[in-house]
Amino acid sequence: MTQTAVIPDYLKPAMERLETARSAHLANASRMDETTTVISQVQTQKNEL
């Protein structure tokens, strides 16, 4: 049996802002992962020189 949470109307704007912030955070985290990968690749290339 599954239960679903009922969100009161007065909390819906806050939940929408939270979802927007979550999406932005995940996008930033993805960019950080990409940056870390590129830095590692450049370091490897630098060490090969």
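Quick check: residue separation of LEU49 and ALA24 times 0.36 nm, minus the Cα distance between them. What number comes out in nm? Each step should come with its number before you reach the end.
Values: separation 25, 0.36 × 25 = 9.00 nm, distance 3.78 nm.
Gain on extension, LEU49 to ALA24, equals 5.2 nm.
Using 0.36 nm per residue of separation minus the Cα-Cα distance, give me the extension gain between VAL6 and VAL38 in nm, one decimal.
Working: separation 32, 0.36 × 32 = 11.52 nm, distance 4.35 nm.
Full extension of this stretch gives 7.2 nm more.
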Task: Estimated dipole of region 9-48 in Debye, rounded to 20 [Cβ of Lys and Arg +1, of Asp and Glu -1, Cα centre] - done: 80
Task: Largest-first ellipsoid semi-axes for the chain, taking √(5λ) over the Cα gyration tensor eigenvalues, angstrom - done: 43, 13, 4
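Coordinate-derived values only; no laboratory data. This is a predicted model, so every value here is computed, not measured. Positions of Cβ are backbone-derived with ideal geometry, glycine not excepted, and every protein chain shown enters the neighbour counts.
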